[in-house]
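> Handing you this structure, nothing more for now.
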Amino acid sequence: MLRTAIAACLVVGASSIAAGQRPVQRPIQRPIERPRLDAPAPGLGQQPPGNRAALEQRVRQALARVARQRIKLTDDQMRQLARVDQQFAVQRRQLNREERDTRLALAAAMRDTANPDQAKISGYIDQLIAAQRKRLDLVAAEQKELSTFMSPLQRAQYQALQERVRRRLEQLRSGGPSGGAPGGPPPP
């Protein structure tokens, strides 16, 4: 589930960049010993509109480098991880698009406060629940694939790494290290 959540954040974060929203730029600090997950990718806010695929690719490559170092994946495990990631990436992107479109349609239906179409709103809620079920099924299938070449410890470490990346992307998307709007109070 964390993997798909990260994928969703990548899509949402990249789409906000493509929509012209620029994350807060911070200087990149590179420690000598290991890469930092909390430093923004070089030029993250400088991506031209429509360059979401390139941004997603850069994030996946950075995640792979850090995974190799911290989780101690072998060359063979890295090849298999790349294959599994590629295998599920298309399905994750499609599911993210469907869920985003449904959320937008639900929001539009809810804006009509004078005469809300209750049946339409109910249908959108049902679609969101179905999308969550699909996401869980996708995560389960992906975890089954990962279990063929990663130990349970490696999978847990990889999930934790993905969660940190997802949180950092959410922070960038929302405007700062606290996750709140720039200059605003941090979220509760």
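Every number in this text was worked out from the coordinates using simple rules, so none of it is lab data. Note that the structure is predicted; figures quoted are calculated from it, not measured.
> Name the residues whose placed amide hydrogens come within less than 5 Å of the amide hydrogen of G175, ignoring near sequence neighbours (fewer than 5 apart) on the same chain.
V24
> Near K134, which lysines are there with a Cα under 17 Å away, not counting those fewer than 8 places off in the same chain?
K144
> Something else: Could you derive backbone 3J(HN,Hα) for region 65-75 from the dihedral phi with the Karplus parameters 6.51, -1.76 and 1.60 (θ = phi - 60°), listing whole Hz in sequence and x where the residue is Gly or Pro?
Computed from phi, the couplings for region 65-75 are 4, 5, 4, 4, 6, 7, 9, 6, 7, 6, 4 Hz.
> Enumerate the calculated ³J(HN,Hα) couplings along region 123-128 in order (Karplus 6.51 cos²θ - 1.76 cosθ + 1.60, θ = phi - 60°), each rounded to whole Hz, writing x wherever the residue is Gly or Pro.
Values per residue, Gly and Pro as x: x, 5, 4, 4, 5, 5 Hz.
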